[in-house]
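The values are calculated or read from the model by the stated rules, or taken from the named source; none is laboratory data. Keep in mind that what you see is a predicted model, and the values were worked out from it rather than measured. With ideal geometry, Cβ positions are generated from the backbone for all residues, glycine too; neighbour counts draw on all protein chains shown.
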Ligand code: MN
């Protein structure tokens, strides 16, 4: 493979799959329980876009989280939320809620859509290391205006939620798994190159349009799952709803567009390499810790920290 410039190559590509979550929300899951531990420290990525309120109006009523971070990024419509710490608010178009559940919160998340009934957003789950799973919960509410939007020399427009490009840092900082979370728009006929840390898990998720995510334009160079046969002719760009997981070992990623533009999320983080015990919205290291969490939830002693 053409790795002579330190470019990361694609390890595997696949498409997000329809599933039902919460109280009956029809969404697409890019990865989750079944991909464990491929995307460590990340656990799950849901794409809840729809033009039909029936798909999302049931929402995600009161439920607990412990041991993880949930990161909600809304691009259209809004998500009403409330929690056991007394927070109430809206995640509106362009906003991010970076929620560290730590020892536990109970919250609800209710997508409301825009005036046309459209909803577009993503929720990412990041795992917490054993030593911080029981930390005090914490919210970072990031409004659209706080997220820097920069234009690179390559002509890419990048919203920096977490991470750094050319000295501009995103508002979410000091997260334990050292993540980067970028929302990138690249016009047709351009190349965007970005440095990544050698030991970090790096993936992209295509929101719209299409691009080539490594120097190889043949799908047969990659382990590809859930891709339709008609996608398999080289050159094979990755389109809407495609998850691109990079192989480790390489200091940069390079994304190239041809006739079409692309918009994608580029996310990276330091793997934890710890045992994972996961049931629903609670992710711990051992089954005993899981049992304790659900027992506490039943007993009403789940929430350790109220403010
Ligand atoms: Mn939740």
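Looking only at residues in region 94-123 that are within 13 Å of the ligand (Cβ to nearest atom) and part of a loop (DSSP other than H, G, I, E, B), which one is nearest to residue 289 (Cα to Cα)? Per the criteria, the residue is 104. In region 76-93, of all residues being surrounded by 19 or more Cβ atoms within 10 Å (Cβ to Cβ) and more than 14 Å from the ligand (Cβ to nearest atom), the one that is farthest from residue 52 (Cα to Cα) corresponds to 78. The set of residues in region 61-72 being in a strand (DSSP E or B) and either more than 21 Å from residue 184 (Cβ to Cβ) or more than 14 Å from the ligand (Cβ to nearest atom) (or both) consists of 61, 62, 63, 64, 65, 66, 68, 69, 70. Taken over region 252-283, the criterion of being part of a strand (DSSP E or B), within 16 Å of the ligand (Cβ to nearest atom) and surrounded by 18 or more Cβ atoms within 10 Å (Cβ to Cβ) is satisfied by 278, 282, 283.
Can you confirm whether region 125-132 contains a residue that is touching a strand residue (DSSP E or B) at 6+ places or on another chain (Cβ under 8 Å), in a loop (DSSP other than H, G, I, E, B) and surrounded by 15 or more Cβ atoms within 10 Å (Cβ to Cβ)? Yes, that holds for at least one residue.
Look at (1) over 19 Å from the mean Cα position of the chain (by Cα); (2) surrounded by 16 or more Cβ atoms within 10 Å (Cβ to Cβ); (3) modelled with pLDDT of 95 or more and you find that residue 54 fails only one, number (2).
Of all residues in region 61-75, which are under 16 Å from residue 105 (Cα atoms) and surrounded by 19 or more Cβ atoms within 10 Å (Cβ to Cβ)?
Taking region 61-75 first, the residues under 16 Å from residue 105 (Cα atoms) are 61-72.
Within region 61-75, 64, 65, 66, 67, 68, 69, 70, 71, 72 qualify.
Residue 236 satisfies every condition listed in (1) within 25 Å of residue 125 (Cα to Cα); (2) in a loop (DSSP other than H, G, I, E, B); (3) free of Cβ contacts under 8 Å to residues at least 60 places away in the same chain except (1).
The set of residues from region 162-191 being in a strand (DSSP E or B) and either in contact with a helix residue (DSSP H, G or I) (Cβ under 7 Å, 6 or more places away or on another chain) or over 23 Å from residue 30 (Cα atoms) (or both) comprises 164, 165, 168, 169, 191. Restricting attention to region 138-154, the residues that are at pLDDT 95 or above and surrounded by 13 or more Cβ atoms within 10 Å (Cβ to Cβ) total 8. In the set (1) modelled with pLDDT under 95; (2) more than 21 Å from residue 30 (Cβ to Cβ), residue 256 fails one condition alone, (1).
Might you check whether a residue that is within 16 Å of the ligand (Cβ to nearest atom) and either outside any loop (DSSP other than H, G, I, E, B) or touching a helix residue (DSSP H, G or I) at 6+ places or on another chain (Cβ under 6 Å) (or both) occurs anywhere in region 141-161?
The first filter runs over region 141-161 and keeps only residues within 16 Å of the ligand (Cβ to nearest atom), leaving 141.
So of that shortlist, the ones also either outside any loop (DSSP other than H, G, I, E, B) or touching a helix residue (DSSP H, G or I) at 6+ places or on another chain (Cβ under 6 Å) (or both) come out as 141.
Yes.
Each residue in region 25-44 was checked for being touching a residue at least 40 places away in the same chain (Cβ under 8 Å) and more than 14 Å from the ligand (Cβ to nearest atom), and 11 of them qualify.
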